Amino acid sequence: METSRRWKTTTTGPKYDVRRRMSTGSASFAVRCYFTLAPKPTPPVSLSMPVLADRLTFALERLIQRGAPYQLLVIAGLIVLVALGGGLLAWGLTDAFAHPGAAVWWAFLRLTDPGYLGDDEGTALRVISTVVTVLGYVLFMGSLIAILTQSLSQTMRRLESGLTPIAVRDHVLILGWTNRTAPIVRELMLSEGRVRRFLSRRGARRLRIVILAEQVDARLRQELRDQIGPALKHRQVIFRSGSSMRIEHLQRVAFGQAAAILLPGADFELGGAQVTDTRIIKTLMSMARYSSYREAGRVPIVVAEIFDTQKIPIARRAYEGALQIIAGDAFISRLIAQNARHPGLSYVYAELLSYAHGNEVYVRRHPELAGQPFGALLYAFPEAVLLGVVRPEGRGFRPLLNPPATFTPEPEDRFVLVARRYEAAVPSTPAAAAGAAPALPAGRMTMTVQPQRRVLILGWSHKVRVLIQEFASYPGESFEIDVLSVVPAAERAAAMRRLEVPGERVRVRHLEGDYTVRADLERAGPAGYDNVILLGSDWLDSGEEADARTILGYVLLRALLPEDARDPAVLVELIDPANARLFRRRPGEVIISPVILSHMLAHAALRQELTAVFGELFGPGGAEIFFRAVGDYGLTGQPVTFRDVQRQAAAAGEIALGVRLQREADGPGGGVYLNPSRTQTWTFRPEDRIVVLTRYAEAASPTPHRPRP
């Protein structure tokens, strides 16, 4: 028996025809199988007029969207069609033309120039000429002008939006538009001398500030103009659109050729402080990844603000270049905590940490003073107050503020001084300085601190957690802290879950309520606290809304507090510096956190040593600014000069920065006079104070707590 098998498969479209034939001996049969794997195609449908019109409209739309050249091409096509139609119609209805080309040319002239309208004779030609001329107004003149105007407007908007790469170098680059950006620009504009010295070290001549914002428009420029005022020089500020997390946008602002790069934080960014820190760290990684764009030997200085101190090591790992980090939350929290412990210090901070209030912190090299004892150098600067030195150490600087009188500076040390201007931070003759050296002090004086303090915090922001941690860092002092906010207590407790504070010294209680509602604020009992702190709430959409709530809460608080001498010390944090004028000649103190942080960011970029100085002055432990009672120096009731005050402070192991007169405490400056004339004379009262630089760990001494009524 012979068996044979053959398969044949043919495929046509979606239908497969499989034929199978089998034969066995003389018997044979055939089997045909059809497998349909897809539906049968529908017969073609003829295009109706609406469908054809839609397709033509769609094609025309796609062509027009490609820009002005294609729009002009469409208009040119319409003009040709109108000229052909009008010319052929005139050639067919009249005998005025020898051939169709002459008629088309006649129609084209009427289409483009209305002056030919009066040259025609005959009704038909005049009607056709009128219609063609009207269409010419619409197509040739109107459409052409509209297209060119629109194209010009788009070009101007594109140029204004800042998408063109810049062609400058040695500029100061600010990445991001936040509530810090305008104050930073203002600090740079006003600090002409420090900026000039910074640029000279880079070999540059002019200050140019480049701002990279998400979207540049007239609103940003107007906001910058409103906040800076007459000091704004438009030629020095360049806006560019883009995101700091995209490397192509960073290349747009020439980050590799910048002299300094600033990454400010944002109090009201969507997602909160964690999103801001993540954005800054991602930007640092992007700049480090594309370090080849930086020129050799001209690496820009980078100053970044980080809210969460636990992310600072991550930020340092992300960028290996010259990086200065400002811990924004920690710094402001320390200022608030120190001001709560020593009411009145906000006036000192306002002068040292802003340009417009007189004295600033300067860093200068004076190699000729190397080897002389610090006790003698205290009197070597007739128009400045010497705080100490900063010493280069590795890739950074180590601050040595308020050192012992026997300390001798080294030639590479930089002197840290408080002065009204850079030129005033110069020493007198060495002989005069050496002759004024005091006797070495036997030891440092102690300062009295209140061992137990009740604090009421009104509002909620990402700074509360760090503020409570700052209160816990003062040994020998205990705090009872109540936080009143509309944010649910469970949410606040969850945010503070990782906080490690000694429960025996710091007790935190979360109260739910709105401090702008009289009943809720009365229930908290603000009169029973030693300090009331109104924080700018970051859960709102903007600084204006946060300040509006803060101001309303302050007014309500003053209405509830009794008018006596036992009122709690009130400290207000504002976001918008324009609102500070509302608190003039009103009880309480004001801290404008964005202005302070902007000052630090700007000047840390211009002078890297200042980061270490500010960290020592306003950080935990180490040197601390403090109010010393005049009675501690025995200066009450007798005429004394500031030189006498300096000598008494030096004998106690402290440095006198200025005085505070209680009788002028309600004035604009709170009665604080820093770095006064050495010959100015006062007769102090017992309630007056001396502003000194001391060391908290060595000088702190608790005093009995006086309970609130």
Matching residues in the stretch 309-361 - criterion: being touching a Gly at 6+ places or on another chain (Cβ under 8 Å) and polar (S, T, N, Q): S346
Residue in the stretch 196-203 that is part of a loop (DSSP other than H, G, I, E, B) and in the same structural domain as S244 (by TED's automatic domain parsing) present: yes
Some residue of the stretch 603-620 being within 23 Å of E223 (Cα to Cα) and not polar (S, T, N, Q): yes
Residue under evaluation R454, criteria (1) part of a strand (DSSP E or B); (2) crowded, with 21+ Cβ neighbours inside 10 Å, criterion not met: (2)
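Listed here are the residues, each with its yes/no results for (1) modelled with pLDDT under 90; (2) over 20 Å from L467 (Cβ atoms); (3) under 25 Å from the mean Cα position of the chain (by Cα); (4) in a strand (DSSP E or B).
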{"residue": "L335", "(1), (2), (3), (4)": "no, no, yes, no"}
{"residue": "A350", "(1), (2), (3), (4)": "yes, no, yes, no"}
{"residue": "Q372", "(1), (2), (3), (4)": "no, yes, no, no"}
{"residue": "A380", "(1), (2), (3), (4)": "no, yes, no, no"}
{"residue": "V385", "(1), (2), (3), (4)": "no, yes, no, yes"}
{"residue": "R391", "(1), (2), (3), (4)": "no, yes, no, yes"}
{"residue": "R398", "(1), (2), (3), (4)": "no, yes, no, yes"}
Answer residue from the stretch 259-275, given it is farther than 22 Å from S191 by Cα and either outside the structural domain of G203 (by TED's automatic domain parsing) or among the hydrophobic types (A, V, I, L, M, F, W, C) (or both) and is surrounded by the fewest Cβ atoms within 10 Å (Cβ to Cβ) among those: L270
Odd one out for G394 among (1) touching a residue at least 12 places away in the same chain (Cβ under 8 Å); (2) surrounded by fewer than 19 Cβ atoms within 10 Å (Cβ to Cβ): (1)
Any chance L207 is buried (at least 17 other Cβ atoms within 10 Å of the Cβ), of a type outside the set (S, T, N, Q), modelled with pLDDT of 90 or more and at negative phi: yes
In the stretch 352-370, residue farthest from A580 (Cα to Cα) [restricted to those that are among the hydrophobic types (A, V, I, L, M, F, W, C) and over 30 Å from the mean Cα position of the chain (by Cα)]: A370
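Matching residues to (1) buried (at least 22 other Cβ atoms within 10 Å of the Cβ); (2) at negative phi; (3) free of Cβ contacts under 8 Å to residues at least 40 places away in the same chain:
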{"residue": "D277", "(1), (2), (3)": "yes, yes, yes"}
{"residue": "I280", "(1), (2), (3)": "yes, yes, yes"}
{"residue": "A304", "(1), (2), (3)": "yes, yes, no"}
{"residue": "A322", "(1), (2), (3)": "no, yes, no"}
{"residue": "I336", "(1), (2), (3)": "yes, yes, no"}
{"residue": "V348", "(1), (2), (3)": "yes, yes, no"}
{"residue": "G358", "(1), (2), (3)": "no, no, no"}
{"residue": "A384", "(1), (2), (3)": "yes, yes, no"}
Count of the stretch 243-258 residues which are in a loop (DSSP other than H, G, I, E, B) and either over 11 Å from V210 (Cβ atoms) or outside the structural domain of R279 (by TED's automatic domain parsing) (or both): 4
Members of the stretch 189-223 found to be more than 18 Å from Q251 (Cα to Cα) and under 14 Å from the mean Cα position of the chain (by Cα), listed by number: L220, E223
Unique residue being touching a Leu at 6+ places or on another chain (Cβ under 8 Å), surrounded by 15 or more Cβ atoms within 10 Å (Cβ to Cβ) and at pLDDT below 90 when the list is A425, A437, A433: A433
Condition met for L63 (under 20 Å from L144 (Cα atoms), under 60 Å from the mean Cα position of the chain (by Cα) and surrounded by 14 or more Cβ atoms within 10 Å (Cβ to Cβ)): yes
Boolean, I238 is of a type outside the set (D, E), at pLDDT 90 or above and either closer than 21 Å to D576 by Cβ or assigned to a helix (DSSP H, G or I) (or both): no
Selection from the stretch 352-370 of residues that are among the aliphatic types (A, V, I, L, M), closer than 13 Å to V389 by Cα and not in a loop (DSSP other than H, G, I, E, B): V361, V363, L369
Tally, over the stretch 500-519, of residues that are under 34 Å from the mean Cα position of the chain (by Cα) and surrounded by 15 or more Cβ atoms within 10 Å (Cβ to Cβ): 9
The stretch 238-249 - residue that is farther than 19 Å from D217 by Cα and touching a residue at least 24 places away in the same chain (Cβ under 8 Å) and, of those, nearest to the chain's Cα centre (by Cα): M245
Test: residue in the stretch 527-550 that is without any contact (Cβ under 8 Å) to a residue 12 or more places away in the chain and not assigned by TED's automatic domain parsing to the domain that holds E192: yes
Among the residues listed as T112, T133, T123, the single one being in contact with a Leu (Cβ under 7 Å, 6 or more places away or on another chain), without any contact (Cβ under 8 Å) to a residue 60 or more places away in the chain and of a type in the set (S, T, Y): T133
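The values are calculated or read from the model by the stated rules, or taken from the named source; none is laboratory data. What you see is a predicted model; the values in this text were computed from it and never measured. All Cβ positions, even for glycine, are placed from backbone atoms using ideal geometry, and neighbour counts span all protein chains on display.
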